[in-house]
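**Student:** The structure follows.
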Amino acid sequence: MFRRAFWFTAGAAAGVWATTKVNRRLKQLTPESLAAQAADKAVEAGHRLKDFALDVKAGMTQREDELNDVLGLTQDPDRPDNVTALPGPRRLRAIAHDPHDQTTHRSKFSYNRNEDH
């Protein structure tokens, strides 16, 4: 008698447990739940991407400061966002226009590939 009661109780408990598991899984597979899970994963990926971008930017800033120290470049307080500038004479030479330089000269005739046919 106790054996039958034990197995009946064990079977009923297993049935309740299995039904509960199946119902939870079915709720997870509804379109609304899947959309919410996808949105949560997208937000999480966005946060990780933002953290990565901030780490890259911090590393770039650190490396730029190191290179500025090595090259002797100084910060110009008159420039916005602390943009680095070349020292005086080098900066003027870098932006000076060379009239004999033909690399920036453009011809007045443009090339049209459609005219080749």
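**Student:** Put Val43, Val56 in order of accessible area, largest first, 1.4 Å probe: what do you get?
**Tutor:** Accessible-area ranking of Val43, Val56, largest first: Val43, Val56.
**Student:** Another one. Mind listing the long-range amide H neighbours of Thr74? Cut-off is under 5 Å, sequence gap 5 or more, other chains count too, H placed in the peptide plane at 1.01 Å from N.
**Tutor:** Counting only residues 5 or more places away or on other chains, the set is Ala85.
The values are calculated or read from the model by the stated rules, or taken from the named source; none is laboratory data. Values in this document were obtained by computation on a predicted structure and should not be read as measured data. Calculation scope for accessible area: heavy atoms of the full protein, side chains included, ligands and nucleic acids excluded. Shrake-Rupley method; radii C 1.70, N 1.55, O 1.52, S 1.80 Å.
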